[in-house]
Amino acid sequence: HMSAPPGAAGVGGTFSIRIEESDFEQNTSNGLVVDVDYETFPAWSADVEIRGCRARANRSAGIHLDLDAEAAVLVHRVVLSSNGGDGLLVTSESFPGTVVLSSSSLLGNLGAGARASEGNYGILASHGVFAGNSAGGLVSEIVPSSAASGIAYVQSDPWTNVRTEG
């Protein structure tokens with residue numbers, strides 16, 4: 001959970017978060033949660049990079065990004081499989097933005113492979129595999145998301161409110 005430091009009302013800054021080569025398995029809720037919570041401090045932002053991680057068999061989402069501020073986010077080379085909710089869940093209450101999801105596999109989740117929900121962040125998916133997810137491949141509930149050069153296989157609705165190319 002990231003919020004502005006105490007006494008930082010007039011000052012701004014950027015936090016850089018790097019999570020690499022980590023496994024998040026069999027947790028009773030989400031596997032990994034990154035909560036950027038700067039909505040009352042607009043001078044603060046975050047750079048988030050998640051690379052080479054695996055989230056498997058978690059009771060809720062494999063990775064949940066709650067982005068309530070300006071954030072540059074890259075999710076690259078992750079495998080999100082067999083989670084009880086979505087593989088990747090992106091939520092935001094107020095700020096617009098885009099999460100880049102690249103070269104990743106989202107497989108056999110009980111929710112969607114990836115879902116943009118509750119706000120103004122969309123997902124740009126590139127070179128990914130969305131297969132066997134119960135609620136679809138990439139689902140974007142409010143703002144449209146985009147997918148390029150990806151594979152969607154064995155699911156009822158691979159792209160919901162998603163612009164596709166290639």
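The table that follows gives values for the structure above.
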{"quantity": "Hits in the range 112-126 (condition: under 13 Å from the mean Cα position of the chain (by Cα) and either small (Gly, Ala, Ser) or open to solvent by less than 30 Å² (accessible area, probe 1.4 Å) (or both))", "calculated": "Ala112, Gly113, Ala114, Ala116, Ser117, Gly119, Tyr121, Gly122, Ile123, Ala125"}
{"quantity": "Test: residue in the range 49-70 that is out of contact with any strand residue (DSSP E or B) (no Cβ under 7 Å at 6 or more places or on another chain) and either within 29 Å of Ser149 (Cα to Cα) or surrounded by 15 or more Cβ atoms within 10 Å (Cβ to Cβ) (or both)", "calculated": "yes"}
{"quantity": "The range 71-91 - residue that is among the small types (Gly, Ala, Ser) and not in a strand (DSSP E or B) and, of those, nearest to the chain's Cα centre (by Cα)", "calculated": "Gly87"}
{"quantity": "Output for the range 77-106, where each listed residue is open to solvent by 40 Å² or more (accessible area, probe 1.4 Å) and farther than 14 Å from Ala46 by Cα", "calculated": "Arg77, Val79, Ser82, Glu93, Ser94, Val100, Ser103"}
{"quantity": "Total residues in the range 129-166, condition touching a Lys or Arg at 6+ places or on another chain (Cβ under 6 Å) and either open to solvent by less than 30 Å² (accessible area, probe 1.4 Å) or of a type in the set (Lys, Arg) (or both)", "calculated": "1"}
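The values are calculated or read from the model by the stated rules, or taken from the named source; none is laboratory data. In this text the structure is predicted, and so the values were computed from the model without any measurement. Positions of Cβ are generated from backbone atoms using ideal geometry, with glycine treated the same way; all protein chains shown enter the neighbour counts. Only protein heavy atoms, including side chains, enter the accessible area calculation; ligands, DNA and RNA are left aside. Shrake-Rupley method; radii C 1.70, N 1.55, O 1.52, S 1.80 Å.
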